[in-house]
Amino acid sequence: MEKELVSYIPALQKFGRRFHTSAGDVDDLVQETIVKALANLDKYEPGTRLKSWLFTIMRNTFCTKFGLSKREHVGFGDDCAILPSVQPTQEWTVRGHELEAAIEKLPVHYREAIDIVFLQGVSYEAAAENFKCPIGTVKSRVNRAREILIRQLS
């Protein structure tokens, strides 16, 4: 029986090419089919075609693996590239302290304009009302403050 089973290996390889294009995958499928057939020889019914029984085992093995492979996500579980990363904050912390120090060095009217427009998010119109001056003056103060900050920080 085992000799007859081994004689069907070329036919199993040919049949396996229907399922896989890779020779390695075909060989793996044939090997798994042979192992399952040998493990279940007691279930083989004498008088039936051994070749058909082997082909059925191969087809069922492929279908089972195909169904499992659709549910598996190979490589996603341990892939560290998918994990979210957090950039180091040290550089931005230092830059933030430098910006705070540079803002503190500004003349009062420039510092107040930057504070109210950029840090507090108040509109130019509301800032002009707050300072009791024209909108153009607020825009000018903000622009000059930005230029001073750029020179100090670069």
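Here are the numbers:
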read-out: Conditions (1) more than 38 Å from the chain's Cα centre (by Cα); (2) without any contact (Cβ under 8 Å) to a residue 40 or more places away in the chain; number of the one not met by Tyr8; value: (2)
read-out: Among residues of region 39-76, those that are part of a helix (DSSP H, G or I), at pLDDT 85 or above and surrounded by 10 or more Cβ atoms within 10 Å (Cβ to Cβ), counted; value: 15
read-out: Residues (under 41 Å from the mean Cα position of the chain (by Cα), of a type outside the set (A, V, I, L, M, F, W, C) and more than 18 Å from Thr64 (Cα to Cα)) located in region 22-50; value: Ser22, Gly24
read-out: All helices (runs of 4 or more DSSP H) inside region 105-154 with 3 or more residues being crowded, with 18+ Cβ neighbours inside 10 Å; value: 108-114, 135-153
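The values are calculated or read from the model by the stated rules, or taken from the named source; none is laboratory data. Just so we're clear, the structure is a prediction, and the values are computed from it rather than from any experiment. Glycine also receives a Cβ, built like all others from the backbone with ideal geometry; neighbour counts cover every protein chain displayed.
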